[in-house]
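To start, the structure under review is shown below, and the notes come after it.
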Amino acid sequence: KDTWGSVVSSDVQPPYQGADIVNYETASNPTWAQLLDFLRNDRTDEKAYVPGVYMCGDYARDVHNNAEQAGIRAAYVAIELVGADHALNAFKTTDRGLVFIDCTGLLASESGPSNCDKTVDVKLGKRYVPKSLFPESGWSVTWESIGIVHDVQIYW
């Protein structure tokens, strides 16, 4: 709790509108290589970010549900930043432990890499700075920080 925040729960729906996660009993923790393979093939990050319509929580829900359906155990993660909220995913890999993945895409009017899958070191009191999992020539590996993590809620 001191490290991750106020909530870590299993088999509980996140209390956010549209965060309808589906867990599969057959899903299991992946290796890092299995997770990367899943993310490379999942196209959720290619969807346009549309304020008020399709936002970070929608990406996190869709990646969660796609992973679970593919047999990979996933968590929906809600974080509170100073002045903002954000959603992403977590996976407990068998060889690298708990990893946080942000697959939030770009605004339709925004230019950027074709793949928006990112890893983030999520810790209370630290800056939220995503890094591309699949770097592309011409784009920075490090994405802009969206603030300091104030609270983390993880829903398995």
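The values are calculated or read from the model by the stated rules, or taken from the named source; none is laboratory data. Because the structure is a prediction, the values reported are computed rather than measured. Here Cβ is always computed from backbone atoms with ideal geometry, including for glycine, and neighbour counts include all displayed protein chains. The accessibility values were calculated without ligands, DNA or RNA, using every heavy atom of the protein model including side chains. Shrake-Rupley method; radii C 1.70, N 1.55, O 1.52, S 1.80 Å.
Points worth noting:
- So residue 129, is it in a loop (DSSP other than H, G, I, E, B), of a type in the set (A, V, I, L, M, F, W, C) and open to solvent by 10 Å² or more (accessible area, probe 1.4 Å): yes
- Annotation: residue 146 fulfils all but one of (1) at pLDDT 95 or above; (2) in contact with a Leu (Cβ under 7 Å, 6 or more places away or on another chain); (3) open to solvent by 10 Å² or more (accessible area, probe 1.4 Å); (4) β-branched (Val, Ile, Thr); the unmet one is (1).
- Criterion: open to solvent by 40 Å² or more (accessible area, probe 1.4 Å), more than 13 Å from residue 89 (Cβ to Cβ) and outside any loop (DSSP other than H, G, I, E, B) - qualifying residue of 8, 12: 8
- Scanning the range 18-47 for residues that are more than 16 Å from the chain's Cα centre (by Cα) and aliphatic (A, V, I, L, M), we see that the one that is farthest from residue 110 (Cα to Cα) is 27.
- Only one entry of 24, 49 meets the criterion of being touching a residue at least 24 places away in the same chain (Cβ under 8 Å), open to solvent by 20 Å² or more (accessible area, probe 1.4 Å) and within 20 Å of residue 144 (Cβ to Cβ), and that entry is 49.
- One residue stands out among those in the range 86-101 that are within 16 Å of residue 44 (Cβ to Cβ) and either in contact (Cβ under 8 Å) with a residue 24 or more places away in the chain or among the acidic types (Asp, Glu) (or both): the one that is surrounded by the most Cβ atoms within 10 Å (Cβ to Cβ), which is 88.
- Boolean, residue 82 is of a type outside the set (Lys, Arg) and at pLDDT below 95: yes
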